[in-house]
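The values are calculated or read from the model by the stated rules, or taken from the named source; none is laboratory data. As the structure is a prediction and not an experimental result, all values here were calculated from the model. Every residue, glycine as well, gets a Cβ built from its backbone with ideal geometry; the counts of neighbours run over all protein chains shown. Areas reflect the complete protein model, heavy atoms only, side chains present, ligands, DNA and RNA absent. Shrake-Rupley method; radii C 1.70, N 1.55, O 1.52, S 1.80 Å.
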Amino acid sequence: MRKMLSILVLLLILSCAQREYKTIDFGQFEITVPENWNKYEAQGIDSYIGGIITETNDTLDFDFGMYSGDLSRSDFPMVYDSNGLAELTEKELEILPKTKHLIVDSITGDIDFKKYLQYQFEYDSIDCFQAKIITPRNKGFGGTGIYIDSLTGTKRNFDKIKFGFYGFYLNEKVQAEFLKALKTLKFKKYCE
């Protein structure tokens with residue numbers, strides 16, 4: 001009995017252990033992530049790109065530059081005809097039955113496309129910027145991340161430095177950790 005109680009106490013202590021975190025410095029910004037997530041950098045053509053590999057081998061990619069994209073602008077409705085279904089990846093076809101979607105004979109007609117949009121977003125303050133936090137309406141189907149329209153520059157597009165950081169097809173746990181990490185972003189050169 002005493003041995004069983006000791007094992008239960010040990011299991012309780014281990015299950016309550018705090019997850020360890022580390023801060024990754026990408027030069028232009030820092031982010032605090034779980035200890036077992038790792039940084040990677042890549043060679044961009046017109047922007048600084050790189051990201052993080054999670055413990056489940058998900059890739060979280062950032063794009064820091066003039067042409068960084070806002071994922072919510074590609075919020076296509078999840079309404080598919082035979083051509084649309086044929087364009088889906090194997091992963092998307094695997095996840096599709098668990099999502100709110102519509103399969104039709106023809107994309108034309110009386111369809112309320114807004115009911116089937118892929119993304120939802122909200123605005124939040126991250127460091128000294130207003131950021132758009134983007135998540136899929138259907139868990140695991142699509143991208144999760146952040147978009148900041150202008151770290152520097154004016155309202156004219158040709159001189160803005162933008163920032164996007166996204167992960168795709170994330171499970172619930174990784175998505176929650178990623179969203180938590182995004183709120184720790186520090187743009188030290190831009191928010192002094």
**Asked** Near the amide H of I126, under 5 Å away, which other amide H atoms are found, from residues 5 or more places off or on another chain, if H is placed in the peptide plane?
**Response** A131
**Message:** Given a 1.4 angstrom probe, what's the average accessible area per residue across the chain, in square angstrom?
**Reply:** 62
**Request:** Select from the stretch 81-181 those trypsin sites (Lys or Arg not before Pro) which occupy a DSSP coil region and have at most 10 other Cβ atoms within 10 Å, ordered by residue number.
**Result:** K155, R156
**Request:** Express the carbon and sulfur contribution to the solvent-accessible surface of the chain as a percent, rounded to the nearest whole number, probe 1.4 angstrom.
**Result:** 54
**Complete:** Binned at 10 Å from zero, the C-alpha pair distances of the chain give percents of 8, 29, 29, 19, 9, 4, 1, 0
**Message:** Apply the a/c threshold of 1.5 to the C-alpha gyration tensor of the stretch 81-192 and tell me whether it is rounded, prolate or oblate.
**Reply:** prolate
**Prompt:** Around L170, with a cut-off of 13 angstrom between Cβ atoms, what is the net charge of the other residues, counting Lys and Arg +1 and Asp and Glu -1?
**Reply:** -1
**Request:** Quick one: of K160/K189; K139/K188; K162/K183; K22/K173; K162/K186, which pairs are farther than 21 Å apart, Cα to Cα?
**Result:** K139/K188
**Prompt:** Which value, in debye to the nearest 20, gives the size of the charge dipole of the chain about its Cα centre, when Lys and Arg are +1 and Asp and Glu are -1 at the Cβ?
**Reply:** 780
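In debye, nearest 20, what is the charge dipole magnitude of the stretch 27-99 about its Cα centre with +1 on Lys and Arg Cβ and -1 on Asp and Glu Cβ, if you could check?
60
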